[in-house]
Amino acid sequence: MFRMLRRSPTSFPMERMAVYMRLFAELLGPENKPMFKGIKNASTGLRAWIPDDRVPQTERRLLLARDSASKPHRIFEELEMEMGADGIREAQLLDSSERVVFLFHGQVAANEDVDVIRVYQEGTIDGVVTGLVGADDTMHLHLRSVEGRDIKMVVRDEDLARQMLGHFRKGIVRVTAKGNWVRKEDGWFPESKCSARSFEVLDETPLSDVLRKFASVEQSGWRAMEHPEQFWRDLRGLN
């Protein structure tokens, strides 16, 4: 059982619960055929069942989690990062006799303010695709936001990843992502575990051309303005 302390199951968004279930299954090893056995309302306990003939292999895999160079250890660390993002400070891995095998501690990303405002939501971020890395089912999108921030997001859909890679450094795209967003001094930004859901290519027609079209409409008000770009920026709070 993977037990997250002091967190009720009813306080979890279903999608976040699914993230922990997936990582728990990966920690046990897909080749060991772990099966979902339910959620125990003891804090939040995700229970799994392993076929008898795969128990020794599962135990050996869990021992590997102590090796910092192993894949199980990377999954262990990913679980701790997810916990940190959700504000979960401690979790346990228990065996079938409910003895504690591992302790997990929620990790906050380096140099991150622990008091930062964080909201689980779906939102959009504009930027330029600067990279896409990953050889397995989980790929990582690198985006340079229009504010100049370097952002990473998870992409789980291979077709979506291929389409986004086709826009590598080809202009600004608007990415819709779901997960934890944090409030920075210059706005809301997705954390690295956010999942990219879709994207659209933004029209990059220069603002001066757009305002010139507005001014071509009689009685629009834009034609009489001496500094239309400055007025537009004032409206948007960009000056």
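The values are calculated or read from the model by the stated rules, or taken from the named source; none is laboratory data. Because the structure is predicted, anything quoted here is derived from the model rather than measured. All Cβ positions, glycine included, derive from the backbone under ideal geometry; neighbour counts span all protein chains shown. For accessibility, only protein heavy atoms count, side chains too; no ligands or nucleic acids. Shrake-Rupley method; radii C 1.70, N 1.55, O 1.52, S 1.80 Å.
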The stretch 149-239 - percent relative contact order, Cα under 8 Å, separation 6 or more: 25 percent
In a Gaussian network model over the chain where Cα atoms closer than 10 Å are linked, find which of GLN163, GLN219, GLN57 has the largest mean-square fluctuation. GLN219
Give the relative contact order (percent, whole number) for the stretch 32-157; include only Cα pairs under 8 Å separated by 6+ residues. 11 percent
For a quick check of your reading of the filter: which trypsin sites (Lys or Arg not before Pro) in the stretch 144-187 sit in a DSSP loop and have no more than 16 other Cβ atoms within 10 Å? ARG149, ARG156, ARG169, LYS170
What are the ³J(HN,Hα) couplings of the stretch 146-152, residue after residue, when phi is run through the Karplus curve with 6.51, -1.76, 1.60 and θ = phi - 60°? Round to Hz, x for glycine and proline. 5, 7, x, 8, 8, 10, 10
Contact order normalised by length for the chain, with contacts defined as Cα pairs under 8 Å and 6 or more residues apart; what percent is it? 13 percent
Just the number please: accessible area per residue for the chain, 1.4 Å probe, all protein chains included, in Å². 60 Å²
Residue-averaged [θ]222 nm for the chain, counting only DSSP H segments that reach four residues, each worth -39500 (n - 2.57): -8500 deg cm²/dmol
Could you please state, rounded to a whole Å, how far the C-alpha centre of the stretch 46-99 is from the C-alpha centre of the stretch 174-239? 45 Å
Under a point spin-label approximation (7 Å from Cα along Cα-to-Cβ), what is the ARG149-VAL100 distance to one decimal in nm? 3.5 nm
Quick calc: nm separation of the 7 Å Cα→Cβ label points for GLU226 and LEU5 -> 6.8 nm
At q = 0.17 1/Å the base-10 log of I(q)/I(0) from the Debye formula over the alpha-carbon atoms of the stretch 1-80 is -0.68
In the chain, carbon and sulfur make up what percent of the accessible area (probe 1.4 Å)? 50 percent
Considering only protein heavy atoms, with the full assembly of protein chains and a 1.4 angstrom probe, order GLU218, GLU82 by accessible area, largest first. GLU218, GLU82
Given axes a ≥ b ≥ c from the Cα gyration tensor, I'd like to know whether the stretch 151-207 is rounded (a/c under 1.5), prolate (a/b larger than b/c) or oblate. oblate
Under 10 Å, Cα contacts only: if you run a Gaussian network model on the chain, which one of VAL55, VAL173, VAL210 comes out with the highest mean-square fluctuation? VAL210
Would you list which aspartates and glutamates come within 13 Å of LYS213, measuring only between C-alpha atoms, while excluding same-chain residues fewer than 8 positions from it? GLU229
